[in-house]
Amino acid sequence: MSTSVISYAAVDLGASSGRVMVGRVGPDTLELTEAHRFPNRPVRVPEGLRWDVLGLYAGVLEGLRAAGQVASVGVDSWAVDYGLLDADGALLGNPVHYRDARTEGVAEKVWASVPAAELYAATGLQYAPFNTLYQLTAARSTDQLTYAKRLLMIPDLLTYWLTGEQGTELTNASTTQLIDPRTRDWAYDVAERLGIDLGLFPPLRLPGDPAGVLRPEVLEETGLSGPVPVTAVGSHDTASAVAAVPATDERFAYICTGTWSLAGLELTAPVLTEESRAANFTNELGLDGTVRYLRNIMGLWLLQECLRAWGETDLGELLRAAGEVPELRSVVDAGDAAFLAPGRMPERIAEACRASGQPVPVTPAEITRCILDSLALAHRKAVEDAQRLTGHPVDVVHVVGGGARNALLCQLTADACGLPVVAGPAEAAALGNVLVQARAGGPVGDLAGMRDLLVRTQRPVRYEPRGDAARWRAAEARLADR
């Protein structure tokens, strides 16, 4: 194994911002610095909500320029969304945003051909109205899909622009609802029954596979000296984030927090039971044959939208004030699709509390406390359900991603779960991205070796559960009764 320290560039795109991070990796070194951060602002045009993917690509190039010389580049992003290319490889319009309304009512059309229970047994994916399968069904009669010759998931699209080579990375492909989690290959029968052409997708790639080298034009624009390889990483940001959970032999659950909260367990095989489907757990694929068995929860999107509505706000002061609001005064279902669309979030939360006969939060501090209590309650439910459905007990909950910086949320999650919470790293997706590149290049070994290096180099914060767990059980029961 190499004893030198090597630099890698991680392109990590979230639903609200993008960043290019530089990771320095060696046998006893794992350091991450930010080269460039840029906003990810969806655009509403007459035909609907779209991603500004050209703006994102410009941010990536600027970030690589700021990163300086690196040994490799890897790209991860959010899941389910894609770009369509014509026969010449040109993009056919801006990719549709998963919060766009085009998939409303589409699931019922899909289930008429492949009933929901059969679909889950074949793909293991939870129901979410924006899964790629539903997006493709909604797009069936459009000119774009008619003339498309290639479909690339968002990180694969950016990798194509960087290298000129096309592939479909597996962890992100597993969010399309077109992958069989048992074979880790396409669900051919499902696609055939729904009239989805799997020939649109380029060949599957695994994390660690080579994905090409930076094109000469990219080298010129970024000032890098070639050749610079691009490595396929866990290109679904949650796959990279889970790979960066700093756990060793402990039995752990994880919560990847950001715009979404993804709460669950790491397994070696999918759980495809009807009970699992009814609980809306998903089986997405991770590194080294693992399965990310998790539930999607609306996450800090609720607070992000409130902050957008409130304008300039001191977040630290807001969280301090929220900490003084009585706990569990009002809670909402943090997974409710009613909160999926942007706009009017404070009013919608207040309306949900009013409709359920609870005290209506009015001030920003009260609304924030309602959100954080509700998220902690949803985290508790997901962790408990995952253990029950899999028979895998846990001793600790790891919180990674941006929410790891939110001390109040982490403490409330520990209180609600009745388990210690280990919070950090906050930039878990970028660290997982970097470590997969380093593994391909030699400085680290397998997934266990990656986590050993994380444990030795990162400094998470531990929160012990406090208070009366019965109050959380009562709040959970109260919410279930509504």
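With 0.36 nm allotted per residue and the present C-alpha distance subtracted, the residue 337-residue 470 stretch has 45.1 nm of extension available. In terms of packing, defined here as the mean over residues of other Cβ atoms within 10 angstrom, the peptides 5-12, 366-373 line up highest first as 366-373, 5-12.
Subtracting the Cα-Cα distance of residue 183 and residue 66 from 0.36 nm times their residue separation leaves 38.1 nm of extension gain. Ranking 53, 450, 315 by Cα position along the charge dipole of the chain, where only Lys, Arg, Asp and Glu carry charges on their C-beta atoms, puts 315 farthest toward the positive end. Just to be sure I understand: of the beta bridges DSSP finds with both ends in the chain, what percent are antiparallel, rounded to 5? Around 75 percent of the beta bridges assigned by DSSP in the chain are antiparallel ones. For the peptides 294-305, 247-258, residues were scored by their other Cβ atoms within 10 Å and the scores averaged per peptide; the highest-first order is 294-305, 247-258. Going by accessible surface with a 1.4 Å probe and the largest first, 427, 275 read 275, 427. Heavy-atom accessible area for residue 452, with the other protein chains in place and a 1.4 Å probe, reaches approximately 70 Å².
Modelled label positions at residue 480 and residue 90, each set 7 Å beyond Cα in the direction of Cβ, lie 5.7 nm from each other. Of the residues 423, 469, 391, the one whose Cα sits farthest towards the positive end of the charge dipole of region 343-482 is 423 (charges of +1 on Lys and Arg Cβ, -1 on Asp and Glu Cβ, taken about the Cα centre). Just one of (i) 138, 64, 36; (ii) 61, 54, 46; (iii) 72, 58, 37 is Cα extents along the principal axes in Å calculated from these coordinates, so which is it? Evaluating Cα extents along the principal axes in Å on these atoms matches (ii). Could you pull out which residues in region 61-100 have an amide N less than 19 Å from a spot 7 Å beyond the Cα of residue 220, following the Cα-Cβ vector? Answer for region 61-100: 61-66.
The residues packed around residue 31, meaning those with a beta-carbon under 15 Å from its beta-carbon, carry a net charge of 0 if Lys and Arg are +1 and Asp and Glu are -1.
Between the alpha-carbon centres of region 1-50 and region 293-329 there is a gap of 24 Å. Straightening the chain between residue 111 and residue 249 buys 45.6 nm, computed as 0.36 nm per residue apart minus the Cα-Cα spacing. In a reduced charge model with +1 at each Lys and Arg Cβ and -1 at each Asp and Glu Cβ, the chain shows a dipole moment near 600 debye about its Cα centre.
As a calculated quantity, the FRET efficiency between residue 320 and residue 58 at R0 = 45 Å, using C-beta atoms, amounts to about 0.75. Taking the charge dipole of the chain about its Cα centre, with +1 at Lys and Arg Cβ atoms and -1 at Asp and Glu Cβ atoms, the residue from 211, 259, 116 reaching farthest to the positive side is 259. Under the simplified labelling scheme, the residue 197-residue 33 pair shows an inter-label distance of 4.8 nm, with each label point 7 Å from Cα along Cα→Cβ. If a spin label sat at a point 7 angstrom from the Cα of residue 104 along the line to its beta carbon, the backbone N atoms of region 341-368 nearer than 15 Å would be those of 341-343. Applying 1/(1 + (r/R0)^6) with R0 = 41 Å to the Cβ-Cβ distance of residue 387 and residue 309, what FRET efficiency is obtained, to the nearest 0.05? Step by step, r from the Cβ atoms, then E = 0.65. Each Lys and Arg adds +1 at its Cβ and each Asp and Glu adds -1 at its Cβ; summed about the Cα centre, region 1-61 shows a dipole of about 240 debye.
The values are calculated or read from the model by the stated rules, or taken from the named source; none is laboratory data. Quantities reported herein were computed from a predicted structural model and do not represent experimental measurements. Every residue, glycine among them, receives a Cβ derived from its backbone with ideal geometry; neighbour counts consider all protein chains shown. With ligands, DNA and RNA removed, areas are computed over all heavy atoms of the protein, side chains included. Shrake-Rupley method; radii C 1.70, N 1.55, O 1.52, S 1.80 Å.
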